[in-house]
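The values are calculated or read from the model by the stated rules, or taken from the named source; none is laboratory data. It should be emphasised that the depicted structure is a prediction, and the values quoted were computed from it without experimental measurement. Cβ: placed from backbone, ideal geometry, glycine included. Neighbour counts: every protein chain shown.
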Protein chains: 4
Amino acid sequence: MNTFGRIFKINIFGESHGNSVGIVIDGCPAGINICENDFATDLLRRKSGAFGTTPRIEPDKPVFLSGIFNSKTTGNPITIIFENTNTKSSDYNFTDFPRPGHADFVAQKKYFENSDLRGGGHFSGRLTLGLVTAGVIAKKIIDFVKINAKLSEVCGSEDIQTAIKNAIEEGDSVGGIISCTAKNIPAGWGEPFFDSVESLISHAIFAIPGIKGIEFGSGFDSAKKLGSQLNDLFIDENGKTETNFAGGINGGITNGNEITFKVAVKPTSSISKEQITFNFKTKKLETLKIQGRHDACIAVRAVPVVEAVTAIVLADLFLLRKTQEK
Amino acid sequence: MNTFGRIFKINIFGESHGNSVGIVIDGCPAGINICENDFATDLLRRKSGAFGTTPRIEPDKPVFLSGIFNSKTTGNPITIIFENTNTKSSDYNFTDFPRPGHADFVAQKKYFENSDLRGGGHFSGRLTLGLVTAGVIAKKIIDFVKINAKLSEVCGSEDIQTAIKNAIEEGDSVGGIISCTAKNIPAGWGEPFFDSVESLISHAIFAIPGIKGIEFGSGFDSAKKLGSQLNDLFIDENGKTETNFAGGINGGITNGNEITFKVAVKPTSSISKEQITFNFKTKKLETLKIQGRHDACIAVRAVPVVEAVTAIVLADLFLLRKTQEK
Amino acid sequence: MNTFGRIFKINIFGESHGNSVGIVIDGCPAGINICENDFATDLLRRKSGAFGTTPRIEPDKPVFLSGIFNSKTTGNPITIIFENTNTKSSDYNFTDFPRPGHADFVAQKKYFENSDLRGGGHFSGRLTLGLVTAGVIAKKIIDFVKINAKLSEVCGSEDIQTAIKNAIEEGDSVGGIISCTAKNIPAGWGEPFFDSVESLISHAIFAIPGIKGIEFGSGFDSAKKLGSQLNDLFIDENGKTETNFAGGINGGITNGNEITFKVAVKPTSSISKEQITFNFKTKKLETLKIQGRHDACIAVRAVPVVEAVTAIVLADLFLLRKTQEK
Amino acid sequence: MNTFGRIFKINIFGESHGNSVGIVIDGCPAGINICENDFATDLLRRKSGAFGTTPRIEPDKPVFLSGIFNSKTTGNPITIIFENTNTKSSDYNFTDFPRPGHADFVAQKKYFENSDLRGGGHFSGRLTLGLVTAGVIAKKIIDFVKINAKLSEVCGSEDIQTAIKNAIEEGDSVGGIISCTAKNIPAGWGEPFFDSVESLISHAIFAIPGIKGIEFGSGFDSAKKLGSQLNDLFIDENGKTETNFAGGINGGITNGNEITFKVAVKPTSSISKEQITFNFKTKKLETLKIQGRHDACIAVRAVPVVEAVTAIVLADLFLLRKTQEK
């Protein structure tokens, strides 16, 4: 239930305030060069501390437990962990007074009150460290593909800095839109139905905390258009199209044009502003004020995670594709 | 690659102009009452012939090959097929002159020119017959859940009839928005990351031909809002919330409130209007005029399919949930 | 639960006296030549009617429902069924008076009395038709591999004809040993632990009704030997070994030498001889005399099935291997 | 490829001389009591140091990385590692001069010479630590089932001590037979074909290094018998049978009687005795003398591993069974 992928298969684990968080990557071919430094850029992009992000500073140093030898993948499962060092479990009791918009309440229900809720527990955004790590390796497998995600809009505005600044001043948080493209993918990846490229990418994208929507190519705008406006006309024998309303995917299969999609990231639920919500202990509506400082715009840090899971899906599709080729 | 689900597992097969299309359903508990008539309503909703749909009329009669005995499921794999009778394979050569927006081109690439492209082959919307069928059985497994999908908008307008009528007159096609809700689901279904409820539903939804976007709860609108506007405040000890911007899902897990999501359906690619596109045989841009009559608004027929795949996901989550309960 | 394989994935369905039995094969590459006649030899080897087998004669004609076009695989799911025509459901009530050694009793328990027990229902050896069919296609995928199974012993004797003849005369049945070899497999297929070649082959072999044991290479005899007697010494740079006690597999991985294994097939449980067993209706021990004629030696017909499932496993390993190669 | 199980799902990783070996267990229900001490007995049974086993002494202390909180399972993935401390990588070059019977040669082929072969690398018996650990947790899930494995025979003799002593004196190694039983399992677990109880148990058993055969109930002896000798006659309304030649399984499904099976463990390939084998560097047959001390009888340590994987399979079947019950 915590695994994803068919060949390049990942399994994430850990809790925010437990021993560590990490990932096992199975099915990665042998002989890929890997050193600790390879992870630095993407881990830094994901790291807290940037404008609009939480100041919990963890070293985020990947520790290789298995599957890497002489700076190469061995072909055996790769396990990478990140130790949790900067964990101050607050006195705040998530169980009795669950935070609105958080997983506190559902975690209690799902795990019959056995959850480790400290710092969000297994639901913590910290688990995405594993995703970013796997993404770095996935990108090496499909090094001919160029994946690029960026934050294109925050709170409905393209003036991202100002929008975040305003939210911070209000003790509030803001959502945003991440746009992602993937270039140089040959035609023929993906499957007609359940393993359509859209199915697989959306499956992985919605594994990222805080995502509420995804659209491929012209997406929701497609619903407002006529077929004659949206059909991407072919212009050469490689299948290049004049427009790319389809976002590079037809019938679930890559068509050789750029894959494009956008995802909606909601504002993080942790806000300093007071909220009136049900206290499950006193059984009354009470004022909740969440202490500490929080990510004002989680979308900032989600950007490299979006890239990472896209790389994970595409690496798996690349490996799967080999099984069908002569 | 054509399977979906972990316990309630489905496998669709068939080509539009081949012998038949169908589905195998594995993991369905024994003892569920099933008769042919149970499928009538949803198959009828999906059927062509309605306003805005193609006039290819198939009897769409389910033939039970296995897994049903004495009008009950036996617990063994259920196989249901629909014979293809009304197949007039046109002379039109999809291989040489692939239709823009269709899977003709990618099918050639993916299957190294071995595809049966007649009538769209395996990519045909006809394959959704199996999905609707499995959905009917899934609904019986979770008969306490009420799933409801409806076409809420066509071509950006809520005057659906007029929008479709205009498209038909122009020999064009229109997209639409389908809204879906699912009620009476207890808190605690789904998983924190890869098998989040959003991941699973979106995976299944994007298996439906023509879907280009999905959003849960306030979806893309979330990206424009502040956290203080979007947090659903708890109002009672059952976890009922005042608002439902989360669409009934927190941290990937159902929270007991109604699940809500919307999907964007693009206009069908088959239009009567002339299109200038690349002819792969002559290696020139040429005018393509697709013969025959087509669905002007495929979204009409997608409604019961959206409901069906939602039921399939939820039935699987319901069965999985049992494994974690005492 | 009725599926097997990771890339070349099969799904069998059907009941002995239902509409039909069949198989869906997913993940088979496009472009493989297939015609009805390809199945004739192996289906004939499996067919009843030979010495020591039941006289239920079915035409065993494969009907292609999907995935084959112009006598080639299309790359889409291949569905092949065999209609049940020669079904005479006896008046014998398996529910009340379950046959010793049969699945009658467990089927009732497992499916909460909803099973179609006629003719053995889903537990019927008739389901192996699908396995043989998939095996024929698998063999084409790995056409460089030579798989050979043969019945090497019946009832402890190598005089197979006499042993069977004696059993028939007594209204009894006999077990046997099937030996199987697979040649020309390169080193490097399989995985170290859960997907060891032995794990996968044994998994598939025990799916065949009536199998009670499997051993690879020197098998159970290994347990009686010293290491110095069993180590296969390398004799050339291709890894060829002087002996082959390992049966072509080290550490779960093929080593380039011939794969060898033996399976034990029990005597079929259906015998004409009277048996005193519990009648679940009268709640007394009573004499059961099973009517009709039966396979005296099911091992005869299991030979092509053993070959088929071996081919299925090896084809899947071959396709998986491609994902790890440069 | 390094995962096993459908609900109770395990994923082992690590190399003998790497950072650590370990396991991730997914799908384990929340609320199961776990403390470090629970693992002591089975880890001790598996530990080296006993008569006939290698003297590499590792502390074998389980370190909990995730999924356990307040001495209970949280319902999230459980990760447990064992640090490698006592690793003396010899100068012996497995690559050039692969040990007969070992995975040295196949590892090179499979991983294109990227394997970490030190101490057997990922193929090391040390990986079974994870299996034993998961087995302890699995046993807690099915605490009503009693699983018991024992070494019943070594080198064809039931005088186990003497047989091992002789082998040690000769610098040789010996194989053995492990007998395993599982009691108190209700009728109805398992599936008719691919997920037959025999399929699943054998799949897991052959994941243990050194296993060459498995037989259920009367196993290979069945092949020498008549049906009238082997049918287990029912004697009461619970399905209890007079004999248990079937080993508690009919048609792949548990029948309520005791599950019984035997596995053949080969002698460990590492022996002090000189062997003449191919040197891949010099390209000549040369004398190989493996240094160090080794397990003379690996079967001794395999006993708790056999129990563990049996528990893992049965726990998974137990959880799966819940999905089919009302």
Restricting to the range A:9-19, name every residue that is buried (at least 23 other Cβ atoms within 10 Å of the Cβ) and within 19 Å of the chain's Cα centre (by Cα). A:ILE10, A:ASN11, A:ILE12, A:PHE13, A:GLY14, A:GLU15
Kindly indicate the residue of the range A:157-169 that is out of contact with any helix residue (DSSP H, G or I) (no Cβ under 8 Å at 6 or more places or on another chain) and of a type outside the set (A, V, I, L, M) and also farthest from the other protein chains (Cβ to nearest Cβ) among those meeting that condition. A:GLN161
Considering each of B:ALA138, B:ALA103, B:ALA134 in turn, give the residue that is of a type in the set (A, V, I, L, M), within 30 Å of B:GLY31 (Cα to Cα), in contact with a strand residue (DSSP E or B) (Cβ under 6 Å, 6 or more places away or on another chain) and at pLDDT 95 or above. B:ALA134
Being within 9 Å of chain C (Cβ to nearest Cβ), hydroxyl-bearing (Ser, Thr, Tyr) and within 30 Å of C:LEU230 (Cα to Cα) is the filter here, so list the residues in the range D:228-286 that pass it. D:THR268, D:SER269, D:SER270, D:THR277
Determine which member of the set C:PHE105, C:PHE69, C:PHE123, C:PHE82 is in contact with a helix residue (DSSP H, G or I) (Cβ under 9 Å, 6 or more places away or on another chain) and within 12 Å of chain D (Cβ to nearest Cβ). C:PHE123
So C:ALA207 clears everything in (1) farther than 21 Å from D:THR310 by Cα; (2) at pLDDT 95 or above; (3) assigned to a loop (DSSP other than H, G, I, E, B) except one condition, right? Which one? (1)
Give the range C:161-181 a look and list any residue that's of a type in the set (A, V, I, L, M, F, W, C) and either over 21 Å from C:GLY217 (Cα atoms) or more than 15 Å from the chain's Cα centre (by Cα) (or both), or say none. C:ALA163, C:ILE164, C:ALA167, C:ILE168, C:VAL174
Among the numbered criteria (1) buried (at least 23 other Cβ atoms within 10 Å of the Cβ); (2) more than 14 Å from chain A (Cβ to nearest Cβ), which one does B:PHE64 miss? (1)
C:GLY101 vs. criteria over 25 Å from C:ILE312 (Cβ atoms), crowded, with 24+ Cβ neighbours inside 10 Å, of a type in the set (Gly, Ala, Ser) and in contact (Cβ under 8 Å) with a residue 40 or more places away in the chain: yes
Has the range A:172-192 got any residue that is within 8 Å of chain B (Cβ to nearest Cβ), free of Cβ contacts under 8 Å to residues at least 24 places away in the same chain and among the aliphatic types (A, V, I, L, M)? no
Please work out if D:GLU198 is modelled with pLDDT of 95 or more, part of a helix (DSSP H, G or I), within 9 Å of chain C (Cβ to nearest Cβ) and crowded, with 23+ Cβ neighbours inside 10 Å. yes
Among the residues of the range C:20-77, count how many are over 20 Å from the mean Cα position of the chain (by Cα), of a type in the set (A, V, I, L, M) and outside any loop (DSSP other than H, G, I, E, B). 3
So for the range A:73-85 (the condition being touching a strand residue (DSSP E or B) at 6+ places or on another chain (Cβ under 8 Å) and modelled with pLDDT under 95), does at least one residue qualify? yes
I'd like to check something: does the range A:1-18 contain any residue that is on the phi < 0 side of the Ramachandran plot, modelled with pLDDT under 95, polar (S, T, N, Q) and in a strand (DSSP E or B)? yes
Among the residues of the range D:112-120, is there at least one that is away from chain C (no Cβ under 14 Å) and over 27 Å from C:THR323 (Cβ atoms)? no
Just one listed residue, out of D:ASP143, D:ASP116, D:ASP96, is in a loop (DSSP other than H, G, I, E, B) and over 23 Å from the mean Cα position of the chain (by Cα), and it is D:ASP96
Boolean, D:ALA299 is in contact (Cβ under 8 Å) with a residue 24 or more places away in the chain, of a type outside the set (Phe, Trp, Tyr) and facing another protein chain (nearest Cβ under 10 Å): yes
Any residue in the range B:1-24 that's more than 7 Å from every other protein chain (Cβ to nearest Cβ) and free of Cβ contacts under 8 Å to residues at least 40 places away in the same chain: show its pairings with residues that are assigned to a loop (DSSP other than H, G, I, E, B) and charged (D, E, K, R) at Cβ separation under 6 Å, as long as the two are six or more apart or on different chains. none
Candidates B:SER48, B:SER115 - the one that is at pLDDT below 95 and under 30 Å from B:ILE164 (Cβ atoms): B:SER48
Of the residues that make up the range A:274-292, is at least one closer than 27 Å to A:GLY130 by Cα and touching a Cys at 6+ places or on another chain (Cβ under 9 Å)? no
